[in-house]
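S.K.: Below is a structure I'd like to ask you about.
The values are calculated or read from the model by the stated rules, or taken from the named source; none is laboratory data. In this text the structure is predicted, and so the values were computed from the model without any measurement. Cβ placement follows ideal geometry from the backbone for every residue including glycine, while neighbour counts extend to all protein chains displayed.
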Amino acid sequence: MIVLIMGVSGVGKTTIGGLLATALGGQYIEGDDFHPPANLAKMRAGLPLSDEDRLPWFQALGKALRAADSKGATVVLGCSALRESYRQLIRAFCPQCQIVWLHGSPEMVAARIGGRHGHFMPASLLASQFAILEAPASAIQVDIDQTPEAIVKQILDQLPSG
C-alpha cells in the first residue's frame, strides 16, 4: 500500500505520516528530504517555489514510490502536493497511491507553524500555499482539529483493506 499524506505546511504531515506508517507496518518517507538544495534555499528566503522548481522534486518522489511499490512495500509519503497536477505527477509513477488530505483553517495552521522552530518553511509562505491549494476530488479528507491518534484512526478506518 502506498499512501500520500498531503496538505499545506504545518498540518502535521510528518507526525501523522510517521504514526500511520507505523500502524500499517510500513515506512515513512519525508517528501521534504527530496528537495534539491536550491529549492530549500529559495523557501528559506521566503520565496515560493515555481512549478519549474517543483517538477524534478515530484519526479524524484514518484520514482521513490514506484520503487517501493515494485517491492511490495508499504510506504507513507508526506508531501504538500497542493495542486491536482502535482498529485497527477506522483500518480503517473504510482497510479494506485491512496491520497489523504490533512486540512485545517488558515488560523489554526498559522498558529502551529508559529510554534515550531528550525523548519525551513517560514510562516510567510503559508498564504501562498493556501492560495494554490486545490482540494483533491478523490481523497480521504481529515480535519486536523483532533489528536494525532484520532486522525490516524480516521485514516485507517477509510483506507481500503489489503
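S.K.: So which of L65, L61, L82, L20 ends up being closer than 22 Å to D157 by Cα, in contact with a strand residue (DSSP E or B) (Cβ under 9 Å, 6 or more places away or on another chain) and among the aliphatic types (A, V, I, L, M)?
M.R.: Working: L65 fails: closer than 22 Å to D157 by Cα; L61 fails: closer than 22 Å to D157 by Cα; L82 fails: closer than 22 Å to D157 by Cα.
Answer to the check: L20.
S.K.: Tally up the residues in segment 138-162 that are small (G, A, S) and within 23 Å of E84 (Cα to Cα), please. Walk me through how you get there before you give the answer.
M.R.: The initial filter retains those residues of segment 138-162 that are small (G, A, S), namely 138-139, 150, 161-162.
With within 23 Å of E84 (Cα to Cα) added as a condition, the list becomes 138-139.
Of the residues in segment 138-162, 2 are small (G, A, S) and within 23 Å of E84 (Cα to Cα).
S.K.: Mind checking which residues of segment 21-47 are at pLDDT below 90, surrounded by 15 or more Cβ atoms within 10 Å (Cβ to Cβ) and either basic (K, R) or touching a Ser or Thr at 6+ places or on another chain (Cβ under 6 Å) (or both)?
M.R.: The one that is at pLDDT below 90, surrounded by 15 or more Cβ atoms within 10 Å (Cβ to Cβ) and either basic (K, R) or touching a Ser or Thr at 6+ places or on another chain (Cβ under 6 Å) (or both): K42.
S.K.: Moving to a separate point now. Collect the residues in segment 3-19 that are surrounded by fewer than 24 Cβ atoms within 10 Å (Cβ to Cβ), assigned to a helix (DSSP H, G or I) and not polar (S, T, N, Q), keeping them in residue-number order.
M.R.: G18, L19, listed by residue number.
S.K.: Here is a further query. Kindly evaluate L65 against the criterion of being in contact (Cβ under 8 Å) with a residue 24 or more places away in the chain and aliphatic (A, V, I, L, M). Please lay out each step first, then the result.
M.R.: Values: in contact (Cβ under 8 Å) with a residue 24 or more places away in the chain: yes; aliphatic (A, V, I, L, M): yes.
Yes; evaluated as a whole, the condition is true for this residue.
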